[in-house]
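Here's the structure, in C-alpha cells; my notes come after.
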Ligand code: CA
C-alpha cells in the first residue's frame, strides 16, 4: 500500500513537471496513467433511492475526486444483492471498502470476507454491532449517535410548546402526540423513538401517546396513509407529530393538509410536525409554515469524513491519521454531530 502511495506521489510530481512544460496533451495522457495508480475505493450503498444517503454519496464522490477511483454499487435495499456486490469488489482488488449495510446485522459476513482479503473496511450510516467490528482490526464505523437525534427532537418539542402554549389544543397541560418510527428493528429508529419522548419528559413536559407507534419504514406514502387513519379516528386530538425521518413527516403533513391543517395558509389550523434529516422537502415545508422543525443529519460532513478516512486506509495509514476526527469511547466509531434546523 505504501509503495502505491509513493508511486502516486511520483506520478503527481511527473505530471506537474510535464504540465509546466506546457504539454497539455501529455499531461492528460499522464493523468490517465496516474489514475491507474490512484487508490481504488469500493463503496456499497444500501439503496441509491434515499435522499439523505444521496447527499452522503455526492459529498463522498466530490471529496474523492482526483484522489481515488471510486467503484460504487446500489444494493437496492437487498442484502443478498449487496453481498454479491461485495464479492465483485473484493475480486477487483479495491484498496478500501466503504459499506452502508442493507441489514446491519449481516455485517459479520462482510467483516469475514474483507478481513480474509485484508481490505480495510469502513462501515457507515447503518451501524453494525461494535463487537462485530472489533473482530477485525482494520474495520471502523462512521455514523451518528442514534440517541442524539431523538434528544434534539425532545429539546425542540420543549421550545415549540414554550413558545406556543396554544398548541395544547385541549388545554390539559399534556401533549397528545403520535409517533412515526422508521423500521421496527433498526437501532437508529428505536433510539429516535425512545429518546425524543424521554428528552421531552426530562424537559418537564407531560407526554401522552395517541394510538400505536406507526412503523412506516421511513416511507412517505406509508406514513401518509397511517396518518390519515389516525386523523379519521382522532381529528382535533393530535397535538404533535414526531417522525423518525423527514420522509414520514412529509407524509403526515400531506395527510394533515388534506383536511385543512398545516396548509401554510394564514390562520389555518396547525399541528407541529418534527422530523429528522433536513431534506430539501422538509426545509421547503418549514419555509412554507407547514412543518415546525427537523434535525440536520449532516450528509456532507459524513461524506467528507468517509473520504478522509478511506484515503488514509487505502494508503495503509491509520484510519484517523492527520484528520480532525476522533473515535468515541468504543474506540472504533466516529460520530458526526446532529444539529437542529428550524429554517
Ligand atoms: Ca393536550
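Annotations for the structure displayed:
- Residue check for residue 137: within 16 Å of the ligand (Cβ to nearest atom) and either assigned to a loop (DSSP other than H, G, I, E, B) or surrounded by fewer than 17 Cβ atoms within 10 Å (Cβ to Cβ) (or both): no
- Counting only residues that are within 18 Å of residue 293 (Cα to Cα) and within 16 Å of the ligand (Cβ to nearest atom), region 224-260 holds 5 of them.
- For region 132-148, a tally of residues being free of Cβ contacts under 8 Å to residues at least 12 places away in the same chain and either within 28 Å of residue 278 (Cβ to Cβ) or touching a helix residue (DSSP H, G or I) at 6+ places or on another chain (Cβ under 8 Å) (or both) returns 0.
- Subset of region 198-227 [closer than 14 Å to residue 276 by Cβ and in contact with a strand residue (DSSP E or B) (Cβ under 8 Å, 6 or more places away or on another chain)]: 216, 223
- The single residue among 132, 193 that is in a helix (DSSP H, G or I), in contact with a strand residue (DSSP E or B) (Cβ under 9 Å, 6 or more places away or on another chain) and either within 16 Å of the ligand (Cβ to nearest atom) or within 30 Å of residue 323 (Cα to Cα) (or both) turns out to be 132.
- Just one of the listed residues (156, 160) is within 16 Å of the ligand (Cβ to nearest atom) and assigned to a helix (DSSP H, G or I), and it is 160.
- Residue among 214, 224, 153, 209 that is closer than 26 Å to residue 258 by Cα and under 17 Å from the mean Cα position of the chain (by Cα): 153
- Within region 282-300, the set of residues being part of a helix (DSSP H, G or I), surrounded by fewer than 24 Cβ atoms within 10 Å (Cβ to Cβ) and at pLDDT 95 or above comprises 283, 284, 286, 287.
- Qualifying residue in region 144-152 (condition: more than 16 Å from the ligand (Cβ to nearest atom) and not in a helix (DSSP H, G or I)): yes
The rows are residues; the columns are (1) surrounded by fewer than 16 Cβ atoms within 10 Å (Cβ to Cβ); (2) touching a helix residue (DSSP H, G or I) at 6+ places or on another chain (Cβ under 9 Å).
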site	(1), (2)
87	yes, yes
92	yes, no
98	no, yes
114	no, yes
120	no, yes
125	no, yes
130	yes, no
150	no, yes
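- Under the condition of being touching a helix residue (DSSP H, G or I) at 6+ places or on another chain (Cβ under 8 Å), in a loop (DSSP other than H, G, I, E, B) and either near the ligand (Cβ under 6 Å from one of its atoms) or at pLDDT 95 or above (or both), the residues counted in region 169-183 number 1.
The values are calculated or read from the model by the stated rules, or taken from the named source; none is laboratory data. Note that the coordinates shown come from a computational prediction; the quantities given were computed from them, not determined experimentally. FYI the Cβ positions are ideal-geometry reconstructions off the backbone, even for glycines, and counts take in every protein chain you see.
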